[in-house]
Ligand SMILES: [Zn+2]
C-alpha cells in the first residue's frame, strides 16, 4: 500500500496541474479492509483484484432507497440505470444536483451540463478556461461561500472546477499509454467517474495558491473554515478524513461538492459520506 500510495502521490505532484485532485484517488485494491465486505464502496471497481463476496453484495445492492434521508429531499438520488460499463454503473439522472458519482457510479459519456457558467470568484490562474466553470446553481453558491469566507477574513480561491468527459478521457488515456489501464486506474479517474465532470465540484485553496489540492491544505485556516461553514452554502467536504474505504478517495479537505443546503446540512449533522447518506454502500458499524 505504501509503495503504491507513494507512487500515486508522486505522480500527482508531477501532474497536478493537468489532472486536479481526482488523480489522487487511491488504489482501490490496496484500501484497508472494512469491518464487513459490503462496506467497501470500491469493491467492484477493479476487475483484476476482485473481493469475492463484496463484489456480489455491492453490485447487487439497489441504490434507489435513501433510507437515511427520509424527508430530506423529494427525489434525492439519481438511481442507477441498468446499463453497465464493466463494474461501473451509469447514473440515470446525471443532471440531478444530488447525483452520486464515484468509482462505481459514472456519468454517461455523452453528459455535458447545459448550464455551465463562470463563477465570479478568484481562481489561482487567470485564464477563462473550462476548469473555471460550474453549473449555475453551484456557481451562485460558491460565490456566496467565498464572500462569506471573506467576511471572516478567509481568502479563498478556486483551483479546479468543471472538467469535461473529453478532458478526463484524454488525461486518463495519456496515463493508460504510459502505465497501462489497470495501473492508470489506481491514480486517475476513469472518464465519467470524476466528480469534477458534474460541474458541481470544485477544489479550493487559500488565495495565496499554496497547497492547492495538496495534503498540506489540511489544517490551514482556510480548510478549517470550509470544514465549519461549507454546509451553510450547500457544499460538503466530499472526501472526509478516515472514509477512504467508503468514498474511494483519501481525505481531500479542498474538494467540495455542491448538493444543496438541505442535503449538505443533513449530511453534516449525520456526519456521513455521500455514499452512506444515500445508502449507496451498506455500512456496518
Ligand atoms: Zn477535486
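The values are calculated or read from the model by the stated rules, or taken from the named source; none is laboratory data. Only a predicted model underlies this, so the values are computations on that prediction, with no experimental measurement involved. Here Cβ is always computed from backbone atoms with ideal geometry, including for glycine, and neighbour counts include all displayed protein chains.
For the range 191-211, how many residues are assigned to a loop (DSSP other than H, G, I, E, B) and at pLDDT 95 or above? Steps first, answer last, please.
Restricting attention to the range 191-211, the residues satisfying the condition of being assigned to a loop (DSSP other than H, G, I, E, B) are 191-194, 199-200, 207-211.
Filter once more, so that each one left must be at pLDDT 95 or above: 191-194, 199-200.
Going through the range 191-211 one residue at a time, the tally reaches 6.
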* Would you call residue 142 crowded, with 19+ Cβ neighbours inside 10 Å, touching a residue at least 12 places away in the same chain (Cβ under 8 Å) and in a helix (DSSP H, G or I)? -> yes
Over the range 258-272, the set of residues in contact with a helix residue (DSSP H, G or I) (Cβ under 6 Å, 6 or more places away or on another chain) and within 15 Å of the ligand (Cβ to nearest atom) is 258
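To keep it simple, each residue is scored yes or no on (1) closer than 23 Å to residue 110 by Cβ; (2) part of a loop (DSSP other than H, G, I, E, B); (3) in contact with a strand residue (DSSP E or B) (Cβ under 6 Å, 6 or more places away or on another chain).
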| position | (1), (2), (3) |
| --- | --- |
| 131 | yes, no, yes |
| 137 | yes, no, no |
| 149 | no, no, yes |
| 163 | yes, yes, no |
| 171 | yes, no, no |
Considering residues that are out of contact with any helix residue (DSSP H, G or I) (no Cβ under 9 Å at 6 or more places or on another chain), farther than 23 Å from residue 150 by Cβ and not in a loop (DSSP other than H, G, I, E, B), the number found within the range 227-256 is 1
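State the number of residues belonging to the range 239-260 that are within 19 Å of residue 199 (Cβ to Cβ) and free of Cβ contacts under 8 Å to residues at least 40 places away in the same chain. If you could, list the steps in order and put the result at the bottom.
Taking the range 239-260 as the starting set, the residues that turn out to be within 19 Å of residue 199 (Cβ to Cβ) are 239, 249, 252, 254-260.
Filter once more, so that each one left must be free of Cβ contacts under 8 Å to residues at least 40 places away in the same chain: 239.
Final tally of qualifying residues: 1.
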Flag if residue 223 is in a helix (DSSP H, G or I) and free of Cβ contacts under 8 Å to residues at least 40 places away in the same chain
yes
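Looking for whichever is farther than 18 Å from residue 255 by Cβ, free of Cβ contacts under 8 Å to residues at least 60 places away in the same chain, touching a helix residue (DSSP H, G or I) at 6+ places or on another chain (Cβ under 9 Å) and away from the ligand (no atom under 16 Å from the Cβ) here; the options are 117, 91. Which one fits? Walk me through it before giving the result.
Working: 91 fails: touching a helix residue (DSSP H, G or I) at 6+ places or on another chain (Cβ under 9 Å).
So the residue among 117, 91 that is farther than 18 Å from residue 255 by Cβ, free of Cβ contacts under 8 Å to residues at least 60 places away in the same chain, touching a helix residue (DSSP H, G or I) at 6+ places or on another chain (Cβ under 9 Å) and away from the ligand (no atom under 16 Å from the Cβ) is 117.
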The one condition residue 198 fails out of (1) touching a strand residue (DSSP E or B) at 6+ places or on another chain (Cβ under 6 Å); (2) within 15 Å of the ligand (Cβ to nearest atom) is (1)
